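Where a number appears in this text, it was derived from the coordinates with a stated rule and is not lab data. All values reported here derive from a predicted model rather than from experimental measurement. FYI the Cβ positions are ideal-geometry reconstructions off the backbone, even for glycines, and counts take in every protein chain you see.
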Amino acid sequence: MRGYRGFALVVTLWAAALFFGSRPPAAAAVTPPPWLLQEARRPLPDLPPETEAVVLLHEQTTAVTAKGTLATTSRLATRVLRQGGADLARVLVRAGAYNLKVRSMTGWVVNPSGQPKKTTMKQALFTSIAPDTLYMDAKIIMLFAPDVGPGSVVGFEWEEERTPPSLEDIFEFQGRFPVLRARYSLSLPPGWTVERHVLNTAPLGPGPDPADAPPVRFELENIPAIAQEPYMPNELALAGRLLVRMKPPLPDARSFSGWSDMGAWYEGLSRERRSPSEPVAAKAAELASRVPDSLGKIRALADFVQKEIRYVSIQIGIGGFQPHFAASVLLNRYGDCKDKATLLSALLEAVGIESYPVIVNTERGSVAPDSPVSLYSFNHAVLAVRLPEDAPAEGLDSLVDHPRLGRLIVFDPTMPTAPLGRLPHYLQDNTVLLVAEGGGELVRLPRPAPESNLLDRTGRFVLTADGDLVGEIREVRRGSQADSLRYRMQAVPEADRRKYLETFLSDSFPSFILRDYEFRNLESAQDDLVLSYGFSAPAYARRAGGFVVVRPRAVGRKAVDLTSREKKARRYPIDLETTVLSRDEFTFELPEGLAAESLPKPVDLDAGFAVYRSAAESEGRSLVYKREYRLVEPLLPAARFEEALKFFLAVGAEERQSVLLRSDGPRRP
């Protein structure tokens, strides 16, 4: 959905290992270096039985030259305990770019039996492929260690040379595997100072003394793996890491002193690019002339950039951070996130409407209100549009009331199914960098009310005398409930749309036939998405003694399974993504001779963060089931785990309840 956004080159090790894992390079037998042999002999502490691999040593050493070049040597030693850990442990993935040179990469494998193996950069795989990218001068480099399995110790050593836009270094010391020792050291020229921050270490206990005096040395032991928990935030928001900012004794140093400083830097990169040229101004006048009011003009320009400018990225040199000129984006009719935001800003300026770049991380929670400034905190760019005084604010869930800039509509031109005034789920309640007035500041984007993210489902069914269920369901979706499904369905052929519905129905019926279906307003993001489908489910009702048993909750689940396989105390927050209001009303027409004998008691659950209510009623020959689920706090701290678990267990129990129908006539065999 979001592709490569141009602010950071993110490589998924797991995907790389699976994709290229069938082609291990040949390797010669050699003697591994002493540091790796020492780690291979190191005894292991008691580890959880499910541990697939353990990092014995992760070491990063950085030396800074007087010109601001960072030379880094890194070492990584991992012992594989189970086959599931081999795919990640055997691959080293790095990236080279215009300001980043990978000088060397070497890997070794020490097996319990057999000759150790070695692989070098000559056997590495190089690729510049990235999603949605037409051209990029960055190179992804993957080095694979051969013959890795349970009992193997895999070692990697690599050297890099960087000249970053901002003088900062990051040491990421926590990941999928536990780490026995993590070490970092930094040496600086005389007169340089440092500022360092240790992030996301609360689960690790107290860390080392964070004195800001060079040389910097940092060491931690027995760092737990990032536990895999249901509905946990993204690992970027959880992983422990060290951020070191360096400041040389020079007035023009490439080092940010705060978020305002970073905002000023991006303003300098983008301001000229956002100026409306004559073609841009002409296009803006053409689009704006079709609507009389200010909000309509903004919407017309936003729709054009969102729908008519294709997402394609070309990244060369500083272009990973700097947008292309708005005129060029308009001419080519393509660009990446920052290009599309830049063109929209120029179009708006041409009709007298102010706007401001907004830099974000789509992995919500990666940036907090108290996060230290870092260039690599973000991976996406959107736009904040200043709402004119004559424009109404009603129905604009993305509105930010800024104390100086006034009313701002935050808009993502790259998300085709979230129209102006609505935030995609990854921007809701997210902390972002607003670039304005020659600086920048962190602001919190709004969380929409549950009513803005609506799923209203109505079903009418006929229960036959044989126990079959035949009926139709109509869904009305709004906000994020519509955006995500609309995005998925727009991108797939008709057969996959049918498959989506069949997969959904299979969760409620052991067997069924999907007769017909229709998606309405699939291409119109401003309107509610309406989905209708008819089906039949044989043997939906079952006989028990003298009764017929029917589940009134025909389809859909609201219960969330928060239990983890290890049954340990919850470590991380619970992320349910977005607010929601979901309503179901199902009417069953009963056959002659059947009537309700026993109805479930009404359920009324209020956990503060969510409310769930349901009731079943008998109306003549009809059985009517209604329920409402309202989620108002989608992100809960780990301390509320037991509360959330109790709530969703109760919801799950209600969803399994049945209605007893008695037969007034002779029993059927």
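Taking the square root of 5 times each eigenvalue of the Cα gyration tensor, what semi-axes in Å does the equivalent ellipsoid of segment 253-314 have, largest first? Intermediate values should be presented prior to the final figure.
Working: eigenvalues 193, 40, 30 Å².
Semi-axis lengths for segment 253-314 are 31, 14, 12 Å.
Given a Förster distance of 30 Å, report the FRET efficiency between Lys101 and Glu219 from their Cβ-Cβ distance, rounded to the nearest 0.05. Mind showing how you got there, number by number?
Details: r = 28 Å, r/R0 = 0.92.
Result of the calculation: an efficiency of 0.65.
Dimensions of segment 51-135 along principal axes (Cα, Å, largest first)?
For segment 51-135, the Cα spread along each principal axis is 46, 36, 26 Å.
Out of all DSSP beta bridges with both ends in segment 358-471, state the antiparallel percent to the nearest 5.
Details: 22 of 22 bridges.
Looking only at bridges with both residues in segment 358-471, the antiparallel portion is about 100 percent.
Taking other Cβ within 10 Å of each residue's Cβ, how do Val555, Val659, Val312 sort, fewest first?
Values: Val555 19, Val659 22, Val312 16.
In order of increasing Cβ crowding within 10 Å: Val312, Val555, Val659.
Just going by the charge dipole of the chain, with Lys and Arg at +1 and Asp and Glu at -1 on Cβ, which of Leu387, Val367, Pro150 is farthest out on the positive end?
Farthest towards the positive pole: Pro150.
Give the label of the value calculated from the structure for Kirkwood radius over Cα pairs in Å, choosing from (1) 27.6; (2) 26.7; (3) 28.4.
(3)
What spacing in nm lies between the two simple spin-label points modelled at Asp261 and Ala650, each 7 Å away from Cα in the Cβ direction?
Distance between the two pseudo-spin positions: 5.1 nm.
Charges on Cβ only, +1 for Lys and Arg, -1 for Asp and Glu, centred on the Cα centroid of the chain; of Leu347, Gln428, Leu661, which one is farthest towards the dipole's positive end?
Value: Leu661.
Show the residues, 5+ positions off or on another chain, whose built amide H is closer than 5 Å to the amide H of Val462.
When sequence neighbours closer than 5 places are left aside, the close amide H contacts are Val470, Gly471, Glu589.
For Ala281, what charge total do you get from the other residues with a beta carbon under 14 Å from its beta carbon, if Lys and Arg give +1 and Asp and Glu give -1? Write out the running numbers ahead of the final one.
Numbers: positive: Arg274, Lys283, Lys297; negative: Glu278, Glu286, Glu349.
Surrounding charge for Ala281 is 0.
Quote the FRET efficiency, to the nearest 0.05, computed for Thr69 versus Asp401 with a Förster distance R0 of 45 Å and r equal to the Cβ-Cβ distance. Present the calculation step by step, with values, prior to reporting the outcome.
Numbers: r = 45 Å, r/R0 = 0.99.
With a Förster radius of 45 Å, E is 0.50.
How compact is segment 517-669 by the rule of thumb for globular proteins, expressed as Cα Rg over 2.2 N^0.38 Å? Intermediate values should be presented prior to the final figure.
Details: Rg = 19.0 Å, N = 153, 2.2 N^0.38 = 14.9 Å.
The value comes to 1.28.
Among Lys247, Lys307, which comes first, then next, by fewest other beta-carbon atoms within 10 Å?
Details: Lys247 17, Lys307 13.
Ordered by Cβ neighbours within 10 Å, fewest first: Lys307, Lys247.
Counting only DSSP beta bridges with both residues in the chain, tell me the antiparallel percent, nearest 5. Walk me through the numbers before you get to the answer.
Working: 150 of 171 bridges.
If we restrict to bridges inside the chain, about 90 percent are antiparallel.
Could you list Arg217, Arg627 so that the one with the fewest beta carbons within 10 Å of its beta carbon is first and the one with the most is last? List each step's numbers first, then the result.
Numbers: Arg217 12, Arg627 24.
By the 10 Å Cβ count, ascending, the order reads Arg217, Arg627.
Tally Lys and Arg at +1 and Asp and Glu at -1 over the other residues with C-beta under 10 Å from the C-beta of Pro573: what net charge comes out? Write down the numbers at each step before the final one.
Details: positive: Arg570, Arg571, Arg640; negative: Glu229, Asp575.
Net of charged neighbours comes to +1.
What distance in nm separates the two pseudo spin-label positions at Glu518 and Val549, each 7 Å out from Cα along the beta-carbon direction?
Placing both labels 7 Å along Cα→Cβ, they lie 3.8 nm apart.
Gln83 to Val624: extension gain in nm, 0.36 nm per residue of separation minus the Cα-Cα distance? Could you put the intermediate results ahead of the total?
On the way: separation 541, 0.36 × 541 = 194.76 nm, distance 5.19 nm.
Full extension from Gln83 to Val624 adds 189.6 nm.
Can you list residues from other chains, or at least 5 along the same chain, whose modelled amide H is less than 5 Å from the amide H of Ala436?
Glu441
Using a ≥ b ≥ c from the Cα gyration tensor of segment 391-440 (square roots of the eigenvalues), is it rounded, prolate or oblate, where a/c under 1.5 gives rounded and otherwise the larger of a/b and b/c decides, a/b for prolate?
Values: a/c = 1.97, a/b = 1.29, b/c = 1.54.
Taking the square roots of the gyration eigenvalues as a ≥ b ≥ c, segment 391-440 is oblate.
Hey, rough spin-label estimate for Ala615 and Gln115, points 7 angstrom out along Cα→Cβ, what's it come to in nanometres?
Each label point is offset 7 Å from its Cα along the Cβ direction, giving 8.0 nm.
Quick check: from the Cα gyration tensor, does segment 259-446 come out rounded (a/c under 1.5), prolate or oblate? The partial results should precede the final answer.
On the way: a/c = 1.56, a/b = 1.17, b/c = 1.34.
Since a/c reaches 1.5 but b/c is at least a/b, the shape of segment 259-446 is classed as oblate.
Just name one of Gly534, Phe177, Ile309: the one whose Cα is farthest towards the positive end of the charge dipole of the chain (beta-carbon charges, Lys/Arg +1, Asp/Glu -1).
Farthest towards the positive pole: Phe177.
Under a Cβ-Cβ cut-off of 11 Å, what is the net charge of the residues other than Glu168 that fall near it, where Lys and Arg count +1 and Asp and Glu count -1? Could the numbers behind the result be given before it?
On the way: positive: Arg162, Arg196, Arg245, Lys247, Arg254; negative: Asp169, Glu195.
Taking every Cβ under 11 Å from that of Glu168, the sum is +3.
What order do you get for 375-384, 39-48 when each peptide is scored by the mean count of other beta carbon atoms within 10 Å, highest first?
Values: 375-384: 23.6, 39-48: 12.5.
Top to bottom by mean Cβ count within 10 Å: 375-384, 39-48.
Where the only charges are on Cβ atoms (+1 Lys, Arg; -1 Asp, Glu), what is the dipole of the chain about its Cα centre, to the nearest 20 debye?
Details: 82 positive and 83 negative charges, 347 e Å.
Charge dipole of the chain: 1660 debye, to the nearest 20.
To the nearest 0.05, how large is the calculated FRET efficiency for Glu389 and Ile170 if R₀ is 41 Å and r is the Cβ-Cβ distance? Display every interim value, and only then the final one.
Values: r = 44 Å, r/R0 = 1.06.
Here the calculated transfer efficiency is 0.40.
How much length is gained on full extension from Ala253 to Ser328, taking 0.36 nm per residue of separation minus their Cα-Cα distance?
Working it through step by step, the gained length comes to 23.8 nm.
Rounded to the nearest 500, what is the 222 nm mean residue ellipticity of the chain from helices alone, with -39500 (n - 2.57) per DSSP H run of 4+ residues and division by all residues?
Details: 11 runs with 117 residues, N = 669.
Helix-only estimate at 222 nm: -5000 deg cm²/dmol.
Taking 8 Å as the Cα distance limit and 6 or more residues as the minimum spacing, I'd like the relative contact order of segment 563-669 as a percentage. Walk me through the intermediate numbers first.
Values: 167 pairs, mean separation 39.0, N = 107.
That works out to 36 percent.
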